[in-house]
Amino acid sequence: MAGGGILRIMLVGFAALVLGYLILPTFIVVPLSFSNQNYLSFPPPGWSTRWYEAMAGDLAWPQAAVNSFLIGVPTALLSVVLGTLAALAVKRGRLGWAAAASAVVVAPMLLPHVIMAIGLYPVMLDLGMLRGFLSVVVAHTVVAMPLVFITVCASLGSYGEALELAAMTCGAGPWATFRHVTFPMIRTGMLVGGVLAFATSFDELMLSLFLTGPGTRTLPRLIWEQLNMFLTPTIAAVATLIFAFSLLLLGAAAALQARGRAQPVLRHG
Amino acid sequence: MARSVDAARPWTISRGHAWLLAAPLVFLAIFFLWPLARVVVRGFVDPALGLGNYARIFGDGPYLRVIWNTIETAAAVTAICLVVAYPVAYVMARARGAWLQIMAALIVIPLWTSVVIRSYAWMVVFQRRGVLNDLLLGLGLVDTPVRFLPGSIGVHVGMVHIMLPFMILPLVANMRGIDQTLLRAAEILGANPFNAFLRVFLPLSLPGINAGVALVFMTSLGFFITPALLGGPQHMMAAVLIEQQANVYLNWGLASALASTLLVVTLAIYLFYLRVTGGAAGTAIGR
Amino acid sequence: MITHTLTSRRRLLKSAAAGAAVAVTGFPAILKAAPSQMMIATGGGKLEEAYAKVHFAPYTAKTGIKIVTGPNTSAKLKAMVEAKNYEWDLCQVAAEFAAQAALQGLLEPLDYGVIDKSKMLAGTAHPHFIMSDVAAYHIAWNTKNVKSGAPQNWAEFWKASGRRGLWKRPFQTMEVALMADGVDKDKLYPLDVERAFKSLDKIKSSTLFWNTGAQSAQILIDGEVEVSATWNGRVHDPKLGGAPVDYHFNQALFVSDAWAIPKGAPNKKEAMEFIAMAMSAKNQADFSAIIPYGPTNTAAMPMIDAKIAPALPSSEQNFKKGSFLDVNYWAANGDKVGERFNKWVL
């Protein structure tokens, strides 16, 4: 849709509005975190940094953030590997039962997490996997893998098999074909799936309640604990810190890119 | 190099590459199908062997109505997300450099904020003395505060906010792969931009649409806290009911039967969707 | 030596491991049984901070047994007992849940030879769990919206102008509906379910049914409702902090948390000793000094600061204003009444 100046402006304007909507809650949450009161009220009756000071003295929050990260990253990686394999098989495997296979892969998204937890708990136990991060990473991968599967399937559906066919006809082996033809085409899909998988794990509560122990408390668990009385600005302060941290990461990534090693597209989950 | 006939056959169309599914399937068999089997069985044996739990679900209790509410809410959220996300993804797919990075950042950063916190932020926006009512009163558009909570507006705004990245990102991933020369070719051949979009770009973006729709719809089905905080009784979601049965009443038989019912119904919708879109255009998933 | 505590036994155990003589201990069986740590499931947050200070630290100091904690997700108790794998040695859960769990045989009977129940409030020491505090589900209002004439009882609450908030769960809400319809606070059970729904019908369209306790406090603070039912722990601190909320205990419904031990949990003996200590008058009084939940052990009452007592549901002046939730009624009827309630509320 080249041309059409007005249309273009309208499109860009609409996109800007939507992006504003996406960032709007942040503009509520950040001021809430600087409240001088012990309850949430917007706009805050007065300002202070007491909630940040309170958190600075409490190791639970940074520890939980680290735990959430240590669970989210392996979950995303494992989901990308398994989800991509499943997508390749279903889209390129010429299976008679592709629909059935894809139904099995996406089904975990459709089961409420409390039911997953009830079902998984004895299985993890039988397999002796309940200690440490392993069980929760595996459980999160079960629910996050469909996200990768779906995004990679979309990438594989976006272009025909003709390119792969051409490469193979020219004598490229399966691995070379995958590396030089298929992978570049699905890379973005894998990345998007990985980002969404990480986000899913990062905010998952019910499976974490079941499968994390005293040493593996996650951020959603800590927020859940906070809610047993009333809402304090602490949870807003946590959200603000995460926001600031992601801005910092993005800034660093942008700075790195500016120094020449530019890799395009969405790199900045 | 003695490449066998077999190897020379493109792997992409080889039946033999079904083994790629082996690792994910083994993984899912152990960590999903096995637990799922236990859950399904429990729906028939707990508290007593038989169809008692299903009789309750299909009786005159609240269950079918809540399952229907859940599907309806998820469908509405999906539709809104698609309409809102498509133009944004279109713009983003054509953006380059710093603009692309800023857009990506604005879409991805909200993902890191807990859904609980975001839902409370929307409460602040929509409540009687909230940001939106202040604005409306200030502009003189209304005389008395509007009651947004609990209600559909809050639920949809809150849920769409959470789900939008799940629609935009797959669309962008797809649209960036669309060969722009095809569009130019169409225009050279005399199609006006609108027609070129409708006949070339839109069909090519169908895999992205399908992926986004699948992601958003299925994720929305499991929604919990946002409808609970922003919505009224008509937004009671199946996940809330199932959680109540599992955690409050310890009635795992009914919880399992409810989850099984939800799974079967939504999986049927999904397979139907695959069939329909699979016939119409390039499929996202399956064939 | 009467004062021979687990700590010294443990020290001896350690020195035994280091190669010292153990002949003096004389308790080989107990030695083997004493765990080095116990896992207690709690709801975390402020409550756990209070438990840590009041119960865990003294217990560890006395016994040498370290306390670790985890989330008290209700369903996990059932999963653990079914699997006979005990991550929890004991748990702190809502009393109505404990009653439900007891009915399903998921809890170990408590040893009232170890735990002293002689001074407990009536009905708080159940064979399988013991209520550890008294909170209240009561009338509260936003002081900006309701400047005068706040409802004094549930009947007035039902008639209050504007919008009211109630919990979107049958327990407590049904009781309140009956009191609003004129049922005496001491004659609620067994609930007249029909009458309760008729009473609820009257206010359905002007009621915001909230889902979580934190939400109930927030809608009161924000003035989204004029009046709401909520729990005292949810509004006590915000009120002190200056939030526009106020409340009273007239016709309050008393609810509790409870200590319970998963059926078959291995460190039963230590868990009983822990509960005995946590239920002691001193610990209960110390807890109520931090969290505005009153003691269930009446011996704790005289040890409580007179300045704090008015905020505690089970203090002398407040206790007579309300009545206890019947957890046994809900354990037996919760599922069925809950189904009707969910259908009604839709």
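The values are calculated or read from the model by the stated rules, or taken from the named source; none is laboratory data. Keep in mind the model is a prediction, meaning the values are calculated, not measured. Every residue, glycine among them, receives a Cβ derived from its backbone with ideal geometry; neighbour counts consider all protein chains shown.
Here are the numbers for the structure shown:
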quantity: Set A:LEU22, A:LEU11, A:LEU7, A:LEU17: member being more than 21 Å from A:ASP203 (Cα to Cα) and within 7 Å of another protein chain (Cβ to nearest Cβ); calculated: A:LEU11
quantity: Residue that is surrounded by the fewest Cβ atoms within 10 Å (Cβ to Cβ), among those in region A:130-152 that are over 19 Å from A:PHE202 (Cα atoms) and modelled with pLDDT under 90; calculated: A:ARG131
quantity: Some residue of region C:62-69 being within 8 Å of chain A (Cβ to nearest Cβ) and crowded, with 18+ Cβ neighbours inside 10 Å; calculated: yes
quantity: All positions within region C:82-96 that are within 10 Å of the chain's Cα centre (by Cα) and not β-branched (Val, Ile, Thr); calculated: C:GLN92, C:ALA94, C:ALA95, C:GLU96
quantity: Residue match in region A:186-200 (condition: modelled with pLDDT of 85 or more and either within 14 Å of chain C (Cβ to nearest Cβ) or under 28 Å from A:PHE34 (Cβ atoms) (or both)); calculated: yes
quantity: Residue within region A:106-116 that is surrounded by fewer than 16 Cβ atoms within 10 Å (Cβ to Cβ), more than 30 Å from A:LEU165 (Cβ to Cβ) and not β-branched (Val, Ile, Thr) present; calculated: no
quantity: Unique residue being aromatic (Phe, Trp, Tyr), assigned by TED's automatic domain parsing to the domain that holds A:PHE202 and either under 22 Å from A:ALA197 (Cα atoms) or at pLDDT below 95 (or both) when the list is A:PHE69, A:PHE42; calculated: A:PHE69
quantity: Helices (runs of 4 or more DSSP H) lying entirely in region B:167-276 (those with 3 or more residues that are buried (at least 22 other Cβ atoms within 10 Å of the Cβ)); calculated: B:206-221, B:225-230, B:238-243
quantity: C:ASP186 vs. criteria touching a strand residue (DSSP E or B) at 6+ places or on another chain (Cβ under 9 Å) and surrounded by fewer than 19 Cβ atoms within 10 Å (Cβ to Cβ); calculated: yes
quantity: Pairs, first within 30 Å of C:PRO190 (Cβ to Cβ) in region C:300-328, second assigned to a loop (DSSP other than H, G, I, E, B) and basic (Lys, Arg), C-beta under 6 Å, six or more apart; calculated: C:SER323/C:LYS185
quantity: Candidates A:THR169, A:THR177 - the one that is surrounded by 19 or more Cβ atoms within 10 Å (Cβ to Cβ) and more than 30 Å from A:VAL66 (Cα to Cα); calculated: A:THR177
quantity: Pick from region A:27-47, criterion of a type in the set (S, T, N, Q) and within 31 Å of the chain's Cα centre (by Cα), ranking: nearest to the other protein chains (Cβ to nearest Cβ); calculated: A:SER41
quantity: Residues within region B:146-157 that are more than 7 Å from every other protein chain (Cβ to nearest Cβ) and within 11 Å of B:PRO227 (Cα to Cα), tallied; calculated: 7
quantity: Close pairs from region B:258-276: first within 28 Å of B:VAL45 (Cα to Cα), partner of a type in the set (S, T, N, Q) and surrounded by 16 or more Cβ atoms within 10 Å (Cβ to Cβ), Cβ under 7 Å, at least 6 apart; calculated: B:LEU258/B:GLN245
quantity: Selection within region A:86-140 - facing chain B (nearest Cβ under 7 Å), over 29 Å from B:ASP46 (Cβ atoms) and in a helix (DSSP H, G or I); calculated: A:ALA86, A:LEU88, A:ALA89, A:VAL90, A:ARG92, A:ALA98, A:ALA99, A:ALA101, A:SER102
quantity: From A:LEU125, A:LEU120, A:LEU163, residue being closer than 30 Å to B:VAL216 by Cβ and surrounded by 17 or more Cβ atoms within 10 Å (Cβ to Cβ); calculated: A:LEU120
quantity: Of residues in region B:146-166 being of a type outside the set (A, V, I, L, M) and not in a helix (DSSP H, G or I), the one surrounded by the most Cβ atoms within 10 Å (Cβ to Cβ); calculated: B:PRO150
quantity: Condition met for A:THR75 (β-branched (Val, Ile, Thr), within 11 Å of another protein chain (Cβ to nearest Cβ) and in contact (Cβ under 8 Å) with a residue 40 or more places away in the chain); calculated: no
quantity: Any chance C:PRO238 is buried (at least 24 other Cβ atoms within 10 Å of the Cβ) and touching an Asp or Glu at 6+ places or on another chain (Cβ under 8 Å); calculated: no
quantity: Helices (runs of 4 or more DSSP H) wholly inside region B:30-145 that include at least 3 residues being farther than 30 Å from B:MET175 by Cα and away from every other protein chain (no Cβ under 11 Å); calculated: B:52-57, B:131-138
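To keep it simple, each residue is scored yes or no on (1) aromatic (Phe, Trp, Tyr); (2) touching a residue at least 12 places away in the same chain (Cβ under 8 Å); (3) farther than 13 Å from A:LEU88 by Cα; (4) in contact with a helix residue (DSSP H, G or I) (Cβ under 6 Å, 6 or more places away or on another chain).
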residue	(1), (2), (3), (4)
A:VAL137	no, yes, yes, yes
A:VAL143	no, yes, yes, yes
A:VAL152	no, yes, no, yes
A:MET168	no, no, yes, yes
A:LEU191	no, yes, yes, no
A:LEU196	no, yes, yes, yes
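Each row is one residue, and each column tells you yes or no for (1) under 21 Å from A:ALA154 (Cα atoms); (2) free of Cβ contacts under 8 Å to residues at least 24 places away in the same chain; (3) charged (D, E, K, R).
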position	(1), (2), (3)
B:ALA98	no, yes, no
B:LEU139	no, yes, no
B:VAL146	no, yes, no
B:GLY158	no, no, no
B:VAL200	yes, yes, no
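For (1) modelled with pLDDT under 85; (2) crowded, with 20+ Cβ neighbours inside 10 Å, each residue gets a yes or a no:
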residue	(1), (2)
A:PRO233	no, yes
A:ALA239	no, yes
A:ALA252	no, no
A:GLN257	yes, no
A:PRO264	yes, no
A:GLY269	yes, yes
